[in-house]
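Worksheet: the structure to be examined is printed underneath.
The values are calculated or read from the model by the stated rules, or taken from the named source; none is laboratory data. These numbers come from a predicted model, not from an experiment. All Cβ positions, even for glycine, are placed from backbone atoms using ideal geometry, and neighbour counts span all protein chains on display. Calculation scope for accessible area: heavy atoms of the full protein, side chains included, ligands and nucleic acids excluded. Shrake-Rupley method; radii C 1.70, N 1.55, O 1.52, S 1.80 Å.
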Amino acid sequence: MTQRNGIRGRRDHFLHSEASGVREEANGMEREKVQEALDCESEEGGQGGERRDSVAVKGAVTAPDGGWGWVVLVATIMVLALTLAFPSCVGIFYTDLQNEFHASNSETSWVPSIMTSVLHAGGPFCSVLVERLGCRATVMLGGVLSGLGMAASSFTQSISQLYITAGVITGLGFCFSFQPAVTILGHYFVRRRAFANAMSSTGTALGLCTLPFLGNYLHTELGWRGSFLVLGAVLLNCCVCGAVMRPLQPPRHRGQPLMNHGPPPPEEEKGRLRTISSCLLASLSKHMAFDQFCNNSRYCAFAIGITWMMLGFVVPLVYLVPYATANNMEQGRAALLLSILGIVNIIVRPPFGIVVNMPWFKGRHIYVFASALLVNGLSNSICCIGPSFPVLLTYVMVYGLSMSVVGSLMFTVLMDTVEMSRFPSALGLLAIMESITLLIGPPLAGILVDSTGQYFHVFFACSAVVASSAVFLMVSFYWLDKEERKASKQGQPATAPDPARPAADVAPGCQYSSVSTEGDKDKASANGDECITSP
């Protein structure tokens with residue numbers, strides 16, 4: 001009996017050991033699979049230019065569509081309130097800057113123009129910083145830069161110094177805060193992405209609502225120099241907002257950057273200049289979507305239309321207060337017009353974000369966007385009627401309603417046009433193109449005012465520019481949709497490659513997908529990919 005129990009015990013011990021070995025082997029295989037997924041993520045980040053704190057692969061991190069994402073949404077709203085709305089509020093100090101530096105309308109208008117242009121043109125630099133530092137650190141760095149820029153502006157002694165401090169430094173800080181905030185929000189929300197983008201766009205409205213009141217109060221109490229110093233301290237709150245934008249997964253060191261992968265070309269075959277140019281081209285192709293601009297017809301049309309639109313879209317906000325005060329309106333009432341514009345946006349954007357997330361709007365975002373843009377452009381003609389408060393109040397109401405729709409759908413349309421894995425680079429290229437027209441728009445308007453002595457010519461010109469861009473977008477996308485339907489009826493693929501699945505963005509062996517919305521799910525099922533998460 002004792003011998004039998006001993007044999008049974010040894011057998012049980014053997015079976016237990018064998019089971020433990022199987023479990024250990026299974027755990028080892030599981031660890032290998034996890035490591036392969038992480039390696040795959042690293043490879044994809046190196047090849048596709050993904051941000052390391054936001055990339056998600058199959059079996060890794062999925063977009064929560066809630067939870068901490070709501071905190072990130074609130075932080076993004078605050079960042080947009082402090083960045084996108086700020087250049088428009090410089091108009092409150094417009095007259096003081098003219099008197100202080102004895103500058104013309106054209107010279108003074110370069111201040112908000114450079115600020116807005118650099119805000120958009122810094123996209124590629126921001127993309128590089130996000131890849132190296134992550135979204136959180138880049139937003140915080142932008143808050144420091146913008147705060148220091150405005151604080152330094154309070155000590156300037158010439159209009160040219162103001163171009164550097166308020167224009168370049170502050171604008172670059174706005175860029176470093178704004179673009180990573182919008183990008184990481186797209187990673188946190190997939191199914192509710194249209195709603196999240198619409199809600200985040202209320203940040204611009206919130207800034208338009210509060211910053212004029214704050215600026216007017218500071219202007220009355222402290223003058224323009226003291227106001228700039230206090231506003232610099234206010235902009236440091238972007239650092240607080242960036243601190244809560246934690247990544248969806250821990251950042252990983254990927255080893256060498258993209259341009260250093262592989263053996264370097266020998267110096268005897270390639271000169272130093274050619275080596276530098278090849279590295280520059282590799283970096284540009286990574287952080288700017290030139291391939292999308294050349295091969296994706298929808299993105300090309302959207303980028304051209306938005307670039308033309310920006311020539312006159314923000315100019316009315318810069319010249320609204322000077323137009324009112326030049327016609328004997330009190331500055332407090334003139335600043336109230338901007339605040340009313342912000343209030344209209346705050347009221348309209350949240351419910352519109354819920355409505356536009358309905359299934360009926362799937363595939364129709366661009367047409368709703370273009371229609372609202374057409375109304376927005378035509379509304380500028382209302383200012384030509386007269387400078388009275390009732391007329392300008394009617395103008396800001398109509399302009400605010402249409403602006404709410406445009407702002408709510410701006411990034412949603414772009415996300416519908418390109419793959420989310422290419423969204424940062426597509427946004428970077430679009431920002432560069434926008435910066436050109438944003439830079440020259442206000443100065444051209446200033447020249448028009450100086451030559452004619454009347455402000456209403458500016459609003460008439462902006463009406464023509466914005467309305468024509470809306471018509472261009474409508475006609476272009478209607479023609480592209482018609483061509484795709486014709487090609488599908490003939491059983492042939494569309495002329496333009498599907499931008500939602502660029503093979504170059506997917507590393508071998510990775511089932512990576514950024515598809516989230518219902519429309520994207522249809523595209524994913526057609527390609528045999530699984531809808532997982534937002535990159």
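On the basis of being open to solvent by 10 Å² or more (accessible area, probe 1.4 Å), assigned to a helix (DSSP H, G or I) and not assigned by the TED database to the domain that holds I440, does L162 make the cut?
So L162 fails the test.
Taking first residues from the range 202-215 that are touching a residue at least 40 places away in the same chain (Cβ under 8 Å) and within 18 Å of M397 (Cβ to Cβ) and partners that are surrounded by fewer than 21 Cβ atoms within 10 Å (Cβ to Cβ) and among the small types (G, A, S), the Cβ contacts under 9 Å between residues at least 6 apart in sequence or on separate chains come to L208/S339; C209/S339; P212/S339. Scan the range 432-440 and give yes if some residue there is in contact with a helix residue (DSSP H, G or I) (Cβ under 6 Å, 6 or more places away or on another chain), closer than 18 Å to V314 by Cβ and without any contact (Cβ under 8 Å) to a residue 12 or more places away in the chain, otherwise no. No, the range 432-440 contains no residue that is in contact with a helix residue (DSSP H, G or I) (Cβ under 6 Å, 6 or more places away or on another chain), closer than 18 Å to V314 by Cβ and without any contact (Cβ under 8 Å) to a residue 12 or more places away in the chain. Note on the range 314-413: enclosed helices (runs of 4 or more DSSP H) holding 3 or more residues that are open to solvent by 60 Å² or more (accessible area, probe 1.4 Å) are 331-356, 365-379. Assess whether P247 counts as being modelled with pLDDT of 65 or more, in contact with an Asp or Glu (Cβ under 7 Å, 6 or more places away or on another chain) and either part of a loop (DSSP other than H, G, I, E, B) or not assigned by the TED database to the domain that holds L185 (or both). In short, yes. If only residues of the range 180-209 that are open to solvent by 10 Å² or more (accessible area, probe 1.4 Å) and within 21 Å of G142 (Cα to Cα) are counted, the one that is farthest from the chain's Cα centre (by Cα) is L206. Out of all the residues in the range 139-147, is one or more closer than 23 Å to G441 by Cα and surrounded by fewer than 24 Cβ atoms within 10 Å (Cβ to Cβ)? No, the conditions are met nowhere in the range 139-147.
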